[in-house]
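We did not get these values from a lab; they are worked out from the coordinates using the rules stated. Source: prediction; values computed, not measured. With ideal geometry, Cβ positions are generated from the backbone for all residues, glycine too; neighbour counts draw on all protein chains shown.
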Amino acid sequence: MRQRPLWLLAPGGALMILVILLPLGLAGWISTIDLDQYTLRRWVQAPFIGLGNYTESLGSGLLHSIWISVSFAVLSTLATIPIGIAAALVTQNAYRGRALVRAVFLIPYVLPSFVVATVWRTMLQPDGVVNNWLGADGSLWLSGPRSYWALILVEIWAAWPFIYLMALAALQSVDHEVHEASAVDGATWWPKLTRVVLPYLRGPVLLACLLATLNHINNFTLPFVLFGAPAPDDVNVMPMLVYVTSFQSLRFGLSAAMAVVSLIIIAIPLFAYLRAVRLDVHEEGGRR
Amino acid sequence: MRSRKTLAFTSILGLTLAMAACGGGDDSGGSKSINVLIAANTQYPQEQQAWQKSIAEQFRTQTGADVKWETFASANDELTKIQTSVVSGSGPDVYAVGTTFTPTAYSTKAFVTLGDEQWKQVGGKEKFIPSALGISGPDAQNQIGIPWVGRPFVMVYNTELLKAAGIDKPATTWDELTAQAKKLTTGDQHGLAVAYKDNFDPWKFIWGMSAQAGNPIVDGRTARIQDPAVQKAYQTYFGWLATDKVVDPAAVGWTNSQAIAAFAEGKTGYMALTSALATKALDAGAVKGKWQFALLPTVPPGATSRPANGVEAASILSGDNLLVADYSRNKDLAFQFVKLITDEPAQLEIYQQLGQLPSNAAAAQSLQSDPKLKVVVEAQQKSVATPFSGAWADVQLALTNAVVQSIPDLSKGSISTATIDGRLADAQKKAQSALDRAK
């Protein structure tokens, strides 16, 4: 094989170092120093405390927050998959008004998170419309145990169109011949859907699951606007905890340690997932 | 192919040059200027712009220098700006920061400590309301904050409802307030509006009631949250909704502006924590012409008179201080600017345009003739500073958190002393650990 011109990757590589590796390294370093409002001004001289921030972060509710974040993210993703795929199937074939339906489906995704959260916050008030509909006057959605389900509910409402978009894109890529072939073979709609169409969706939807879960975990605006800071313990998700630690308690070292710990804890299952589902769409396409 | 490469190369070059230009110094050009960072006023944005323009013109006539305004939208924005400026040693010359944030700013040691010379430059300490200087620094020799505007807290009450209930004057003790609120609660009418879900209101009640009972919550380097005075404060605050039932049950979801909106509908006797800035919202509601401000009670709950060691805290010392950055290369100009906006004419101007109360004593004096404002100006004079500690942010967070976590119990209608004590123990631990780290 001819020598490939790998040096062409240099600009991209340099940018990656600058944009990803340097800040990551900096975060790693900050997590080992006692950086707070007292030492911020001479931050280079802030005292080195080794793993001190890490031990403190484990003792200050971080694991609880990671658990809430991960479970909330996984549940939200699981709930959005059937909705997203069903919506994609409904808008796959042409019919009158399809463009309108497609546009309407995108509304939750297009609205800024801040707006979504503000509207839901109003609706979920103790004397708000949601309780009026349910006839459960005065029940709490924004505090206490139910706030966790309120967070998931709103996240599902705001995030399902992402799965829908990915599934729709995958459906568009199903070759016309495949539809014809299954028609010739006399396949009815159900076997056609489960044996022919859905396998095409596997790659893109698995990728969408990954991206959606990461988006849920990183969502700060939604819980912040819905519940405010300090958040109720039931929805003290990781971004909220890190926010309060850095911007209200001003413990930058501690919050950096929290971020690093969560990165590691989330990276492990992520890696396992990537290995398990082998998201190499091209390879799969080649085999087909 | 070649042309594409050339294009790519030139665009990268262009980008690099642009980045280099952006990173360049801030004091290019011949004419002098200073940068000023203030909070964006979301309530009166146009008025604020007009005010900025007018001040900039006055400053130019006085000094020949320009004012470059920067605004921040939230406390978070402000903090990020302060952080980056402190770390890089460049940024705004003058900062306007909230009073309770001043101790945190002080602990960064990034602002000019005001000596006799600096105070002289801004027109002397005497020109300010004495109480407004309460949170300028840990002691008189180490002050960094120059009082700019005040936003003292008061109560607002519905004159018609109070009259109908046979109450001839608003409450002056917390017990009296509870009793009056009970009298005012009938049918769909409630005695009191309280913003239980606000991110800041709860700690102001707790701190005020405790300080009146003689416990300022932070005593040197010791947190005193596990204390009968604090416990009584929480019991009273929760009791309004849970046991006295004088607050609309929906209040467990209210922020301050929602509580004001509820009061403005005209079916609530008192709204317990607001400021002169609410005037516009009140006049837009059904209570127009039927409301009055009153001082918050200054006698602690469970007492008929204030104990000897209690302070007459009618409000936390609330408003904005001006800080001059230590790294500033235009300090003289910065202090001239501070003098301009704290002198009487500019102080009256900002009150007229934006409703912010003066910290300038002469300006405050001239406002007292307005009967509506008399109470507010008095509240400002009777404001007491919250403890000056770099750990205060954590303390107020812990006090608020105790309320946030109690809301489900509160909504069920009962919150036991044991539950309150548990939350107080947790808050005490967090506050004390923050105080232990204070340097």
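The table below lists the values:
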| item | result |
| --- | --- |
| Within a Gaussian network of chain A (alpha carbon springs, distance under 10 Å), most fluctuating of A:TRP29, A:TRP43, A:TRP133 | A:TRP133 |
| Set B:LYS53/B:LYS339; B:LYS280/B:LYS382; B:LYS382/B:LYS429; B:LYS267/B:LYS288; B:LYS183/B:LYS382 screened for pairs whose C-alpha atoms are more than 19 Å apart | B:LYS280/B:LYS382; B:LYS382/B:LYS429; B:LYS183/B:LYS382 |
| Rounded to the nearest 20 debye, dipole of chain A from Cβ charges on Lys, Arg, Asp, Glu | 640 debye |
| Order of A:PHE220, A:PHE271, B:PHE205 - criterion: other Cβ atoms within 10 Å of each residue's Cβ, fewest first | A:PHE271, A:PHE220, B:PHE205 |
| Of B:PRO202, B:LEU354, A:ILE268, farthest towards positive along the dipole that unit charges on Lys, Arg, Asp, Glu beta carbons give the protein assembly as shown | A:ILE268 |
| Distance (nanometres) between label positions extended 7 Å along Cα→Cβ at A:TRP29 and B:ALA50 | 5.1 nm |
| FRET efficiency for A:TYR95 and B:THR186, using Cβ-Cβ distance with R0 set to 51 Å, rounded to 0.05 | 0.30 |
| Cut-off under 5 Å, modelled amide H: who pairs with B:LYS68 long-range | B:ILE34, B:ASN35, B:VAL36 |
| Beta bridges by DSSP in the protein assembly as shown, antiparallel share as percent, to the nearest 5 | 60 percent |
| Dipole moment magnitude, nearest 20 debye, segment B:263-369 about Cα centre, only Lys, Arg, Asp, Glu C-beta charged | 300 debye |
| Packing-based exposure ordering (other Cβ within 10 Å, fewest first) of A:TYR200, A:TYR273 | A:TYR273, A:TYR200 |
| Degrees between helix B:371-381 axis and first principal axis of chain B (Cα, 0 to 90, nearest 10) | 80 degrees |
| Highest-MSF residue in chain A out of A:LEU140, A:LEU100, A:LEU51 [GNM, Cα springs under 10 Å] | A:LEU100 |
| Simple Cβ-charge dipole of the protein assembly as shown, Lys/Arg +1 and Asp/Glu -1, about Cα centre, in debye nearest 20 | 1400 debye |
| Choice from A:ALA158, A:ALA14, A:ALA79 showing the highest fluctuation, given a GNM over chain A with Cα pairs closer than 10 Å | A:ALA14 |
| Whole-angstrom gap from segment B:248-316 to segment A:1-42, using each part's C-alpha centre | 52 Å |
| Share, in percent, of DSSP beta bridges within chain B that are antiparallel, nearest 5 | 60 percent |
| Span-like helix ranges in chain A, DSSP H, alpha carbon extent 27 angstrom or more, Kyte mean at least 0.0 | A:62-90, A:146-172, A:198-218, A:252-277 |
| Helix B:331-342 axis, angle to chain B major axis (alpha carbon atoms, nearest 10°) | 40 degrees |
| Mean separation of Cα contacts under 8 Å, 6 or more apart, over the residue count of segment A:26-287: relative contact order % | 33 percent |
| Dipole of the protein assembly as shown, positive end: most advanced residue of B:GLY269, B:PHE59, A:LEU165 [Cβ charges, Cα centre] | A:LEU165 |
| Interchain or long-range residues, amide H under 5 Å from B:PHE111's placed H | B:ASP326 |
| Kirkwood-type radius of segment A:26-287, with distances r between different C-alpha atoms, in Å | 21.1 Å |
| C-alpha long axis of helix B:2-22 to longest principal axis of chain B, angle in ° | 60 degrees |
| Expected 222 nm ellipticity per residue - DSSP helices of 4 or more, -39500 (n - 2.57), all of chain B, to 500 | -14500 deg cm²/dmol |
| Residue among A:THR188, A:LEU6, A:PRO126 farthest towards the positive dipole end of chain A, charges placed on Cβ | A:LEU6 |
| For segment A:154-171 and segment A:63-136, distance of Cα centres in Å | 9 Å |
| Set of lysines with alpha-carbon distance to B:LYS430 below 23 Å, sequence-local pairs under 8 removed | B:LYS197, B:LYS204, B:LYS232, B:LYS439 |
| Potential extension, A:ALA272-A:LEU214 segment - 0.36 nm per residue separation minus Cα distance | 19.4 nm |
| Over chain B, relative contact order from alpha-carbon pairs under 8 Å, at least 6 apart, % | 25 percent |
| Exposure proxy ranking, count of Cβ atoms within 10 Å, fewest first, for B:ILE217, B:ILE135, A:ILE85 | A:ILE85, B:ILE217, B:ILE135 |
| Average beta-carbon neighbours from other chains, 10 Å sphere, peptide A:246-254 | 5 |
| Rel. contact order, % - alpha carbon contacts under 8 angstrom, at least six apart, segment B:243-350 | 14 percent |
| Range of Cα positions in chain B per principal axis (Å), largest first | 80, 53, 49 |
| Gap separating the Cα centres of segment B:173-204 and segment A:191-248, nearest whole Å | 39 Å |
| Sorted peptide list for B:313-320, B:256-263, criterion being average Cβ within 10 angstrom, highest first | B:313-320, B:256-263 |
